[in-house]
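Reading through the structure tokens given below for one structure.
What follows draws every value from the coordinates through simple rules; no lab data is involved. No experiment lies behind these values; they were computed from the predicted model shown. Glycine also receives a Cβ, built like all others from the backbone with ideal geometry; neighbour counts cover every protein chain displayed.
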Amino acid sequence: MNKSITVSELTASLSRGENVQLVDVRSAGEYAAGHVPQAINIPLEQVEARLGDFAGSQVAILCQSGTRAGMACEILRSHHNDLLLVEGGTSAWMNAGLPIFQSSSSAWSLERQVRAIAGILVLIGTVLSIAVAPGWVFLAMFVGLGLAFAGITNICGMALLLAKLPWNRPNSNSLKPQGCEVRS
């Protein structure tokens, strides 16, 4: 069972100057779209390979809502004694009206954009293949092939294209801390 902490308890600990390391286990794109100040990004799939990066006496683990953070706590349980699962994750932090840092101008992570567009294209291809012409099924098949290729090779053509769009580029305002923009 993971020891948990609420956002209000966490902010109180941080304001008292307690040594709490904040670790966000979401993808890099999700982290860039908005993260808790002071949190470092160690995506869930990298947790085991980066055990040495969990250096604080207390480590508070968070993700978007808590699911992946719970999985990270399970992985880290035998390697770290004082883990805290942040209840509700970044969503709870934002719902409490607390500021977040944002290093991309998009509110949606790149991964989320890929999932949404792929889903829409598959839906369009299947609906058009039923309603207009059977050949439209190839659109759905092409997207499925692209997703399978991305899963096998870890190279996503759609993500590479989407990353070039203006809303997915890093903010250029250098006056903000760490090149990030505060969003509340």
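DSSP beta bridges confined to the chain are antiparallel in about 30 percent of cases.
The rule of thumb for compact globular proteins, 2.2 N^0.38 Å, goes into the C-alpha radius of gyration of the stretch 110-168 1.21 times. Rg and Dmax of the chain, based on Cα coordinates, read 19.4, 65 Å.
Remark: spin-label model distance A28-A116 equals 2.2 nm, labels positioned 7 Å along the Cα→Cβ axis. For the stretch 4-102, the fraction of alpha-carbon pairs lying more than 23 Å apart is 15 percent, rounded to a whole number. In percent, rounded to a whole number, the relative contact order of the stretch 4-102 is 35, using alpha-carbon pairs under 8 Å and six or more apart.
Once the Cα-Cα distance is subtracted from the 0.36 nm per residue extended length, the F142 to L123 segment shows a gain of 5.6 nm.
Less than 5 angstrom separates the built amide H of Q58 from those of Q21, all sequence-distant by 5 or more or on a different chain. Entry note: the stretch 53-98 has Rg to Rh equal to 1.01, where both radii use alpha-carbon atoms and Rh is the Kirkwood radius.
If you plug the beta carbon distance of I152 and E18 into 1/(1 + (r/R0)^6) with R0 = 45 Å, you get a FRET efficiency near 0.55.
Distance between the 7 Å Cα→Cβ label points at A133 and K164: 2.8 nm. Normalised by the number of residues in the chain, the mean separation of alpha-carbon contacts (under 8 Å, six or more apart) gives a relative contact order of 22 percent. Over the stretch 69-161, what is the mean sequence separation of C-alpha contacts under 8 Å (at least six apart), divided by residue count, expressed as relative contact order in percent? That works out to 17 percent.
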